[in-house]
Amino acid sequence: MSTGERATEDRAAAIAALTATLNAGLAEDEALAKAATDGPWYPEDMQIWGYNRPYAGGGPGILVVRHTWPQESAHIIRHDPGRELRKVKAMRDLIAAILAEPHDWVAGDEFYSCSQAVDYAGLNHESREPGSACTDPDRAGQPCDCGRDARVERLLRIIAGVYEEGEQ
């Protein structure tokens, strides 16, 4: 195995591991938020001042809480299960958009396309294999040389930081 092939496999493995970590964390967040919708999602010892009814236009109601420290009340309100479920969906959509970013493909001069570029339009190749849109035989199929994989890994690492334990 060449150094380039090993680098491609290492980066692909890192991206796959980050994606798995993110999917597991989001699944846990989603399960906790869904479980919290079955009953009161606030601590039992919290004093509830009241619940304002939804607006006539169909807007959400507002939970009014009183706690020893105002920061705790604000934190609890911001972690409403509905909000958490919307956040999980947004994170999944963001991850999907990051992973869907294509490698650079130079239409009409595929010699300069990324070594991992795939010709999705099928204009020049039947293959959808990585490198199928790069006509430079010395580079086609070699590690990404357009920076896409490095960007994807960097962005997934930023998001995955949410699920890392350690100092804040």
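The values are calculated or read from the model by the stated rules, or taken from the named source; none is laboratory data. Bear in mind that the values here come from a model prediction, so they are computed numbers and not experimental data. In this analysis, Cβ positions are derived from the backbone assuming ideal geometry, glycine residues included, and neighbour counts consider all displayed protein chains.
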**Item:** Filter pass, ARG128 being at pLDDT 90 or above and within 30 Å of ALA14 (Cβ to Cβ)
**Value:** no
**Message:** Can you say whether ALA74 is more than 19 Å from GLY147 (Cβ to Cβ), modelled with pLDDT of 95 or more and in a helix (DSSP H, G or I), as far as the supplied structure shows?
**Reply:** no
**Request:** Name the single residue, out of those in segment 1-43 being surrounded by fewer than 14 Cβ atoms within 10 Å (Cβ to Cβ), closer than 19 Å to LEU94 by Cα and of a type outside the set (Gly, Ala, Ser), that is modelled with the lowest pLDDT.
**Result:** GLU28
**Test: ASP104 is loosely packed, with under 14 Cβ neighbours inside 10 Å and at pLDDT 90 or above** = no
**Asked** When ALA90 is evaluated against the numbered criteria (1) modelled with pLDDT under 95; (2) surrounded by fewer than 16 Cβ atoms within 10 Å (Cβ to Cβ); (3) within 15 Å of GLY25 (Cβ to Cβ), which criterion, by number, is the only one it fails?
**Response** (1)
